[in-house]
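A short worksheet on the structure shown next.
Every read-out reported here was derived from the displayed coordinates using simple, explicitly stated rules and does not represent laboratory data. All of these numbers come straight from a predicted model, not from anything done at the bench. For neighbour counting, all protein chains shown are included, and Cβ atoms are generated from backbone atoms with ideal geometry for every residue, glycine included.
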Amino acid sequence: MRIRPSDEATQYRVLDWDSDDYDEPVDQVEYDFSHLFSAGMSRRRFVQVLGAGLLVTVALDSAAPAQEAPRRQGRGGGNRGGGNAFRGGPPPKVAARLHIGKDGIITVFTGKVEAGQGARAELTQAAAEELRVPADRINLVMADTSLVPNDGSTAGSGSTPRTVPSIRQGAAAARDLLIAVASRQWQVQPAELEAADGKVIHAPSQRGQTYAELAAAEDAVKAFDQEAPPGVTITPVAQWKVLGVSTPRPNRRDLVTGKHEYPSDVKRPGMLYGKVLRPPSYGAQLTAVDLGPAKDMKGVIPVRDGSFVGVVAPSNFLAEDALDAVAATAKWDSKPHPPSSTIFDYLRSKARGGVPANPFAADFEAGAKKLRQAYNVAYVQHAPMEPRAAVAEWDNGKLTVWTATQNPFGVRSELARAFEIPEEKVRVVIPDFGGGFGGKHSGECAVEAARLAKAAGKPVSLRWTRKEEFTWAYFRPAAAINAEASLDGEGNIATWHFVNVNSGNSAVDTPYRSGKSKSEFVQSEPPLRHGSYRALASTANIFARECFMDELAELAGKDPLEFRLAHLGEPRLRAVLEEAAKRFDWPRRSKGKKPNVGVGLACGTEKASYVAACAEVEVAPDGKSFKVRRVCEAYECGKIVNPTNLRAQVCGAIVMGLGPALREEIRFEDGKVTNAAFSQYLVPRFDDVPQIDIHLLDRPDLPPVGAGETPIVAVAPAVANALWRVTGQRVREMPIRLAKAT
């Protein structure tokens, strides 16, 4: 790892990695907390396991970070439930719960989930920093609705800007209250005391007590039976010792050894296995079905509730056989459905209120030069490693569901509504799970498992197949985008009109200056169920805008980098663009003339962070295929909380961003997905991964924001722009098809 000294003018430093330049963090002491997370853990058993100690509850009226994340736009792919499920429960909310055990281990509670993005490590760091203990002294309990506060859904890159400050404030309040207890006991001023390594210390008298000892003191209960005092002070960046440092995931050993139980691994006593009958095509309605063949199979319980039909059996294989037998008897009323081959014309024709006309039409026509183009972006799937899975169990009218969702409290509300029971009778438990990317906000799998379990009278495990995941989970929305702009006599943008049809508002507004400008979103009538995706609609909007900017640069007779910088006022976006261009050596490479090799660049901002990418591509001699050889990306998201995890997030986003650029798209005909398998829906393979150079701009002067989304958005347009430089063909669709480029 190389660290460039902070530049006083720009107030950032660059953390720079390449394949030969990556330091793994030093291993830390491991604590085994697996006994806290067994599937059968009840609240009573949980308290028994924690043993003696003080359960500290710190309630904060407001735990808002110094910098709010931008308002989220778009749809969530299902009912999120529970009021404002994105931000969490209404104030006053429980910002942190801490249990201080006799052994000095501190248990912290959060409603956030771990889906591979690194939240477990980051939130552990947040508590450890303010409690002045090493990260391995913190045990983090996540996403069990009967035990944790409602911190909102894990979405929109919101954990870093909202939940990290909430946990820090709660932990800082607990630290200050422990100091106050010691101050009263020793009759000294709080300013004379220091919290360090799980103790409160009075250096002048060489006295010290552990947090556990102070928590057990007689006056501790009264001290903690209050809301956090106003003006709780959190640790400034310059004094960070745990935050800002590469910290590995606390449960990494369990993950790599297979000890960790994902939702699809959960087992309950007497558990059965379920399958659900799916329509043969989108919109098809069930008109008749015979459950007799399933009833004749030993141990099989068929279930029907209106149009919901499923089977429950002692094994997954038997459940599959029973479902096949039932499916053979089902009769359906199918509905017409547009094919993917005509989807973009369909979306434009179904735009609500029509596709808006350019409000600057007269000025556009009067421009010295003008450009009008259309861009299309296909439906894609999230393709998580772990498809949807849930285990549901009923006990005396109470429901517990173990599942994979980014929105535990929203799913709890969804279950309560589905079965018309109070929310307090529903418990949702979310083990760390195998990927979400915005695709697991809704709780349909949990509801289905609970319906089967209620009918069977036993716990039921329901695991969606990959085909079900590809077909019935919601998609990243397809986009049909129109862009129009005119240039004045000096080559500056005079008018700008940009319309996104169907995919959403995220990053629809241009960061580039123009004389007159309007960017807007129009909802269409989508033929497929769509919702959140990593960076949501900004993947489409920035693809179209950055390809369009390259075309405008050519129209103006200017270098793409020069043209962008001439129209950029946002200093943070300029900083990442200049950094990426410098690290990539854009001036030299852009003028190079290697056979079949081209370079391109793109930049963008979303979720209050900034990214720029440069790409090098090589086109096959026949001109029909290409490979991405190198991606250089500069990224800035405020102060870096965990450098190693951030680097992993950016790297993953680059690879994920390549997928829809290269091949990923959902194809459908007659209401059926025709590529619902990894053998047909081609995510990036090892051979697709280019050389990746990542340069992180650390901004200690700015609050941290999330990094799970924005690093994805600049990859596809940079690749598309690189292809134009080598082929002379403009790319205006994702996925990219050279034969169709014009």
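Quick rundown of the values:
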{"quantity": "Per-residue Cβ neighbour rank within 10 angstrom, fewest leading, F584, F548, F344", "calculated": "F344, F548, F584"}
{"quantity": "Over 26 Å (Cα to Cα) - which of K582/K624; K112/K518; K593/K624 fall in this group", "calculated": "K582/K624; K112/K518"}
{"quantity": "25 °C / 0.890 mPa s Stokes-Einstein diffusion coefficient of the chain, Kirkwood radius on C-alpha pairs, µm²/s", "calculated": "89 µm²/s"}
{"quantity": "Inter-label distance for D219 and A374, nm, one decimal - labels placed 7 Å from Cα along Cα-to-Cβ", "calculated": "7.6 nm"}
{"quantity": "Relative contact order computed over the chain (Cα-Cα under 8 Å; 6+ residues apart), in percent", "calculated": "15 percent"}
{"quantity": "Stretchable slack from F317 to K241, in nm (0.36 nm times residue separation minus alpha-carbon distance)", "calculated": "22.2 nm"}
{"quantity": "Number of Lys pairs (Cα under 21 Å; 8 or more positions apart or on different chains) in segment 387-464", "calculated": "5"}
{"quantity": "Hz values of 3J(HN,Hα) by residue in segment 293-310 - Karplus curve (6.51, -1.76, 1.60), Gly and Pro given as x", "calculated": "x, 6, 4, 7, 8, 4, x, 8, 10, x, 10, 9, 9, x, 7, 7, 10, x"}
{"quantity": "Part-to-part distance (alpha-carbon centres) for segment 277-349 and segment 587-609, which is given in Å", "calculated": "48 Å"}
{"quantity": "Residue order, fewest to most surrounding Cβ atoms within 10 angstrom, among E469, E261, E424", "calculated": "E424, E261, E469"}
{"quantity": "Top positive-direction residue, dipole computed over the chain with Cβ charges, set G397, F563, A127", "calculated": "G397"}
{"quantity": "Packing-based exposure ordering (other Cβ within 10 Å, fewest first) of W724, W332", "calculated": "W332, W724"}
{"quantity": "Other-chain or far-sequence residues with amide H under 5 Å of F521's (modelled H)", "calculated": "N500"}
